[in-house]
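Chemist: So that we are looking at the same thing, I have put the structure below in C-alpha cells.
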Amino acid sequence: MKDIKILAVESSCDETAAAVIENGRKVLSNVIYSQIDLHTLYGGVVPEIASRKHIEKINPVIEQALSDAGVGLKELDAVAVTYGPGLVGPLLVGVSAAKSLAYAAGLPLIGVHHIEGHVSANFLEHPDLEPPFLCLIVSGGHTHLVIMKDYGEYEILGRTHDDAAGEAYDKVARAIGLGYPGGPKIDKVAKEGDPKAIAFPRAKVDDCPYDFSFSGLKSAVLNYLNQAEMKGEEINRNDVAASFQAAVVDVLVDKTMHAAKEYGFKKVALAGGVASNSALRAGMKAACEKRGLEMIYPSPIYCTDNAAMIGAAAYYEFLKGNFSGLDLNAIPNLRLGERK
C-alpha cells in the first residue's frame with residue numbers, strides 16, 4: 001500500500017504550526033512558531049495581534065515543514081487544516097493558506113476539528129493504540145471527557161459548563177502574580193507548596209456526573225486572596241497554587257476513573273495542553289495503576305497546539321474520503337462530532 005503523506009496546518013490560537021505526517025502515525029516534520037513571548041506582555045492572547053503574526057509566519061513555517069520532511073508539494077497526498085474551534089482570525093489564516101496550497105497543487109483538502117487533533121496526538125507515539133478508548137482532553141479552551149469509539153467517531157460523556165481547566169489556571173496565575181501562561185507557572189510553584197494547605201471546593205454538576213465546572217473554584221481562590229488581603233494576612237502563593245491545582249486534578253482524575261469503571265475501559269488517554277501538567281500526569285498515573293488501567297499520553301510537544309496531531313487525525317478522514325470543499329470556512333465554536 002502506498003504511504004500517505006499529509007501536510008497539516010494549525011493556527012487556532014497563538015501557535016503557527018505545520019507538519020508532514022506519513023500514514024497518520026509517523027512524524028516527518030513538525031514546525032511550531034509560538035507567540036507566547038509576545039502575548040505575555042498583555043497577560044493573555046490578543047486575537048488581532050495573533051492574526052497578524054500568523055499572516056507573517058504561516059508561509060515560512062509551511063516551507064520549513066516541507067523542507068524538514070524532504071518532501072515537495074508533488075509528493076503530498078492531501079493538505080489538512082484546523083478549521084475550528086478556536087479564534088476566528090487565526091483560524092482564517094490557516095484555512096486560507098491550506099485552501100490556496102490545496103488548490104494550487106491539485107490536492108484534496110481535509111478540514112480537521114481541533115479537539116480531534118488533540119486526541120489523535122496519542123497515535124503519534126503509541127503506534128499500537130486503536131479505538132475504542134477513553135480520553136480526557138484538557139486545554140486552555142476545552143475540558144472534555146470522551147469515548148473515541150472509532151476514528152472520527154466520539155461520544156461526549158462530559159464537558160465544562162463554564163471555564164476550561166486551562167482557563168482557570170491562567171486566571172488564578174494572574175491573581176497570584178505569576179503572569180501568563182498560567183499552567184506551567186502554577187505547576188512549577190505548586191511543587192514548593194502544600195496541596196492541603198487550603199480547602200478549595202471540588203465542584204459537582206447535578207445530574208451530569210461527568211461534566212466539569214471550574215468557575216466556582218476560581219472564585220473561591222479569588223475570595224481567599226481578597227479576604228487575606230483585607231485582614232492583612234500574608235499569602236503563601238506556593239500553597240495557593242498547590243491547593244488550587246490539587247482541586248483541579250482531583251476532579252479530573254475522579255471523573256475519569258468513574259467513567260473508566262462504568263464503561264469498562266482498560267485504556268485511559270490524556271490530551272491537550274494541560275495533559276503535560278506534572279500533577280495531572282502523576283495523579284492520573286497513580287489512579288490508573290491502582291485500578292490496573294493503562295495510561296497513555298503524548299509528549300509535551302504534542303500536548304500543546306501543533307500540526308502533527310492535525311495530520312494524524314486527517315489521515316483517517318483521508319481513508320474515508322471525507323474531503324472538504326474550497327468553500328471551507330473557519331468555525332470558531334465548532335462542536336466535537338460536528339462537521340461542516
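Derivation of every value follows stated rules applied to the coordinates shown; laboratory data play no part. Keep in mind it's a predicted model, so treat the numbers as computed, not measured. We place every Cβ from the backbone using ideal geometry, glycine too, and count neighbours over all the protein chains shown.
Chemist: Gaussian network model of the chain, Cα springs within a sub-10 Å range: biggest mean-square fluctuation belongs to which of Val268, Val95, Val189?
Modeler: Val189
Chemist: Can you list the residues, at least 5 places off or on another chain, whose amide H is less than 5 Å from the amide H of Glu294, using H built in the peptide plane?
Modeler: Placed amide hydrogens put Lys267, Val268 under 5 Å from Glu294.
Chemist: Please give the contour-minus-distance gain from His126 to Ser219: 0.36 nm per residue of separation, less the Cα-Cα distance, rounded to one decimal in nm.
Modeler: Numbers: separation 93, 0.36 × 93 = 33.48 nm, distance 3.86 nm.
Extra length available between His126 and Ser219 comes to 29.6 nm.
Chemist: Please find, in a Gaussian network model of the chain (springs between Cα atoms separated by less than 10 Å), the residue of Lys185, Lys266, Lys231 whose mean-square fluctuation is greatest.
Modeler: Checking each option, the largest mean-square fluctuation is seen for Lys231.
Chemist: Working only with C-alpha atoms, what are the Rg and Dmax values of region 130-297, expressed in angstrom?
Modeler: For region 130-297, the Cα radius of gyration and maximum Cα-Cα distance read 16.1, 56 Å.
Chemist: Now for a different question. D for the chain, whole µm²/s, Stokes-Einstein with Kirkwood Rh over alpha-carbon pairs at 4 °C and 1.567 mPa s: what number?
Modeler: Values: Rh = 20.4 Å.
Reported coefficient: 63 µm²/s.
Chemist: Under 10 Å, Cα contacts only: if you run a Gaussian network model on the chain, which one of Arg25, Arg52, Arg159 comes out with the highest mean-square fluctuation?
Modeler: Arg52
Chemist: Sticking with this structure for a sec: Report the paramagnetic label zone for Asn322: residues of region 85-113 whose backbone N is under 11 Å from a point 7 Å from Cα along the Cα-to-Cβ axis.
Modeler: Residues 111-113 fall inside that zone.
Chemist: Now, a different point. May I ask you to compute the full-extension gain from Lys285 to Glu63, defined as 0.36 nm times their residue separation minus their alpha-carbon distance, rounded to one decimal in nm? Please list the in-between numbers first.
Modeler: Details: separation 222, 0.36 × 222 = 79.92 nm, distance 3.87 nm.
Separation in residues times 0.36 nm, less the Cα-Cα distance, equals 76.0 nm.
Chemist: Ok, one more. Mind giving me the FRET efficiency for Glu153 and Ser100? R0 is 30 Å, r the Cβ-Cβ distance, nearest 0.05 is fine. Each step should come with its number before you reach the end.
Modeler: On the way: r = 30 Å, r/R0 = 1.01.
Taking R0 as 30 Å, the efficiency between Glu153 and Ser100 is 0.50.
Chemist: Taking the simple approach of a point 7 Å from Cα along Cα-to-Cβ for both Met230 and Asp254, what is their distance in nm?
Modeler: Each label point lies 7 Å from its Cα, and together they span 2.8 nm.
Chemist: For Cα pairs less than 8 Å apart in space and 6+ apart in sequence, what is the mean separation divided by the residue count of region 2-116, i.e. the relative contact order in percent? Walk me through the intermediate numbers first.
Modeler: Details: 226 pairs, mean separation 35.8, N = 115.
RCO, region 2-116: 31 percent.
Chemist: Can you give me the relative contact order of the chain as a percent, contacts being Cα pairs under 8 Å and 6 or more apart?
Modeler: Details: 753 pairs, mean separation 83.2, N = 340.
With pairs under 8 Å counted, the relative contact order is 24 percent.
Chemist: On to the next question. With an 8 Å cut-off on Cα pairs and a minimum separation of 6 or more residues, tell me the relative contact order of region 130-297 in percent. Numbers along the way, then the final one.
Modeler: Details: 317 pairs, mean separation 43.4, N = 168.
Relative contact order of region 130-297: 26 percent.
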